[in-house]
Amino acid sequence: MLREDAIIETAQVLERLAYEIADLSRVKEELEKHMAALLEHPDNGQKSYIEGRFKITCKTGYNYVLDKEKYEMLGRHLNSSIDPITRVTKYEINKKILRESYEHASAKELEILNEIISKRPAKLNIQITAGV
């Protein structure tokens, strides 16, 4: 086999594997969601479950995204004790302060927080260990 043929064949296999891995990743993600639903795992938290010979560790949470432009306009109206944004080289959301803010903020402050911070589910992570 010529070098060029080997390169083409290897590239084709790698390309096919990339598609197969993408498909398997989608299937895995759906199965993980199904597992979390079967376990009735909450939207936010980590817990281990023992089912038969399997120990299943399920981690869920949220990723928060700051709208920087809206924060620059509206953030100054937040009381500093409930402002979950730490100003460094980049903007970071302090999740502890954010959770406390959602509990203690006024309606106007909650409206501002909801305007400048969006929330979406974090990637589900499930580990299964056999032989427990």
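None of the figures in this text is laboratory data; all of them are computed from the coordinates on show. If you're wondering where the values come from, they're calculated on a predicted model, not measured in any experiment. Glycine gets a Cβ as well: all are built from the backbone with ideal geometry, and neighbour counts include every protein chain shown.
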Calculate how steeply helix 107-116 sits against the longest principal axis of the alpha-carbon atoms of the chain, using the helix alpha-carbon long axis, and give the answer as 0 to 90 degrees to the nearest 10.
-> 30
Out of residues 5 or more away from ILE117 or on other chains, whose amide H comes under 5 Å of its own, with H placed 1.01 Å from N in the peptide plane?
-> ASP67
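Per residue, how big is the convex hull of the chain when only Cα atoms are used? Give it in Å³.
On the way: hull volume 26.9 nm³, N = 132.
In the chain, the Cα convex hull volume per residue is 204 Å³.
For region 64-120, what is one quarter of the convex hull surface built on the Cα atoms, given in nm²?
Values: hull surface 14.4 nm².
Averaged projected hull area, Cα only: 3.6 nm².
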Entries in LYS33/LYS68; LYS70/LYS108; LYS90/LYS119; LYS90/LYS123; LYS33/LYS96 that, when Cα-Cα distance is taken, lie over 24 Å | LYS33/LYS68; LYS33/LYS96
Segments 84-94, 23-33 sorted - mean Cβ within 10 Å per residue, highest first | 84-94, 23-33
In whole angstrom, the spacing between the Cα centers of region 71-122 and region 11-39 equals 35
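Under the 0.36 nm per residue contour assumption, what length would be gained going from the current alpha-carbon distance of LEU39 and VAL88 to full extension?
Details: separation 49, 0.36 × 49 = 17.64 nm, distance 3.94 nm.
So the extension gain works out to 13.7 nm.
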Vicinal HN-Hα couplings computed from phi for region 47-60 (Karplus, 6.51 cos²θ - 1.76 cosθ + 1.60; Hz; Gly/Pro x) | 7, 9, 10, 9, 10, x, 9, 10, 9, 10, 9, 10, 10, 9
